[in-house]
1. Could you tell me whether ALA24 is closer than 30 Å to HIS129 by Cβ and small (Gly, Ala, Ser)?
2. Within the range 146-160, take every residue that is part of a helix (DSSP H, G or I) and buried (at least 17 other Cβ atoms within 10 Å of the Cβ) and give me the one that is nearest to the chain's Cα centre (by Cα).
3. Can you confirm whether the range 169-185 contains a residue that is without any contact (Cβ under 8 Å) to a residue 60 or more places away in the chain, in contact with a Cys (Cβ under 7 Å, 6 or more places away or on another chain) and part of a helix (DSSP H, G or I)?
4. Of all residues in the range 56-83, count the ones that are open to solvent by 40 Å² or more (accessible area, probe 1.4 Å) and of a type in the set (Phe, Trp, Tyr).
5. Would you check which residues across the range 57-91 are within 48 Å of the chain's Cα centre (by Cα) and of a type in the set (Asp, Glu) and list them?
6. Could you say whether any residue in the range 120-127 is closer than 27 Å to LEU2 by Cβ and assigned to a helix (DSSP H, G or I)?
7. If you check ALA106, ALA128, ALA96, ALA86, which single one turns out to be surrounded by 15 or more Cβ atoms within 10 Å (Cβ to Cβ), touching a Leu at 6+ places or on another chain (Cβ under 8 Å) and of a type in the set (A, V, I, L, M, F, W, C)?
8. Would you mind finding the one in VAL196, VAL279 that is at pLDDT below 90, of a type in the set (A, V, I, L, M, F, W, C) and in a helix (DSSP H, G or I)?
Amino acid sequence: MLAVPPTGSYKEELQWMAWKKLLAFEKGNPQRIDNGSSNKRIIFTYEQCLMYLYHYPDLWYDYAMWHAKSGSIDAAIKVFQRSLKALPDSEMLRYAYGELEESRGAIQPTKKIYESLLGDGVNTTALAHIQFIRFLRRTEGVEAARKYFLDARKSPNCTYHVYVAYAMMAFCLDKDPKMAHNVFEAGLKRFMHEPVYILEYADFLTRLNDDRNIRALFERALSSLPSEESVEVWKRFTSFEQTYGDLASMLKVERRKKEALSGTGEEGPSSLESSLQDVASRYSFMDLWPCSSKELDHLARQEWLAKNINKKVEKSTMLNGLGFVDEGSTGLTSNLAVSSKVVYPDTNQMVIYDPRQKPGAGNFQTTTAAGVPTASKSLSNPVIAAVGGQTMSAFDEILEATPPALVAFLSNLPVVEGPIPDVDVVLSICLQSDVPAPQPGKSGAAPMPLPSIPAPSTSDLSVSSKSHPIPSASSFKPARGKRKQFDRQEEEEASVQSHPLPRDAFRIRQIQKARGTASQTGSASYGSAISGDLSGSTG
């Protein structure tokens, strides 16, 4: 690939990883050659790598540090100089280059590097000011650092970070708390609107154990900061009173905090009331709490709900993420305390299933179709009755529209134990059940007339079409002696049904098949149907 600035693509990352593996392979000296030859191979590999990864600062730094660890400081400096030509806007390489020069005692070259970071002073960053002050403090002493700080504070890009850095330097390194206090006070005139600067100043005064000035600082800051920006300052003020104040001052600051933040997004009108979380906050220390983490999470969720219970914007969030609100009551259900990150099933529609229950147990009474009194127990819907607790009108309508013959058949179905019933038992009960014939007077629709000749099914037609062609509708005529065949068939069926039904499922299926074949062809003998031999003939 050509040497282009990194874009973060997957192909570039693969190439970077491949070159890193190759460099690690060469540094391991797998050929066990002498150090001079091995170093030449490593340098050659680095130069090859930079032909493609020319704009990667980490490889330049790795190349220079390898030279420095090998003892070639001059070679490392040359690599850094080449890297600054390749990447002139890289501040990291400049700081690394200055660190290498300073580590070998070259102060003036290091100072030139830092001055190159400062530039013309117009576009100088606050970080460049801070690092140059630290460099002057290390190399030239306190006065040089102080002098530059006085010049840096006049820069248009000087932020509160420069004041905090120099004040802590004077306090920790120079052991001059008075100078540090003066620096913080000078910065307070410019950065009173910065909450972070107020907190840093409060931390400094806390180290000095100057509780009077800390309270004065908080009062001055909170009187000038707007409510939406003073949240963190109020929290720090409350924490300070909880640690160093008495009970009266602690409660007073907490009440003032709630009143000041009651109109912002952080606190709501309900926050003016006392809560158990305030007690947990007052009597905690570091990571020690007077309650368990579960109770603390519960209190936090309750506080969030108290803030957002009257907000219409958060209604969808509360419905989807934290549970649901009961429309019939003003209170919240227990599911509101459920975390939004965990999806729980809806247990309101669940009914306990017990396969060991006795047949017919747990059924509920319901209205059924007229003329079928026995179907009410077996065709009721216990799940709907257990959940809804009311009359099942939809189920009753379906049951009334069902033909009485089908209702009688469904009512005779056995109640089995377990999810898989015994097929033989179900078939034998179905064969022994008596299905009543439909009555035209009771049914809503007129009964359809039965055809005088049963029509063959598609399966029978496909089997017998080869040996017996099907005549057309115009040439179809009933065979002679048809009435006699029907009478003989009824007698044979009566003789077959007089025998006890076998328990073997295969025999039952043979009987059903024999009956179906006889009804399709019109001439069959069932004399040996019980034994399984079909002796009918079709012609």
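The values are calculated or read from the model by the stated rules, or taken from the named source; none is laboratory data. Please read these numbers as outputs of a predicted model, since none were measured by experiment. For neighbour counting, all protein chains shown are included, and Cβ atoms are generated from backbone atoms with ideal geometry for every residue, glycine included. Just the protein is used for accessible areas: all its heavy atoms, side chains included, with ligands, DNA and RNA removed. Shrake-Rupley method; radii C 1.70, N 1.55, O 1.52, S 1.80 Å.
1. no
2. Taking the candidates together, the pick is TYR160.
3. No, the conditions are met nowhere in the range 169-185.
4. 1
5. ASP58, ASP62, ASP89, GLU91
6. Checked against the condition, which is being closer than 27 Å to LEU2 by Cβ and assigned to a helix (DSSP H, G or I), the range 120-127 yields no hits at all.
7. Just a single option satisfies the conditions, and that option is ALA128.
8. From the options VAL196, VAL279, the qualifying one is VAL279.
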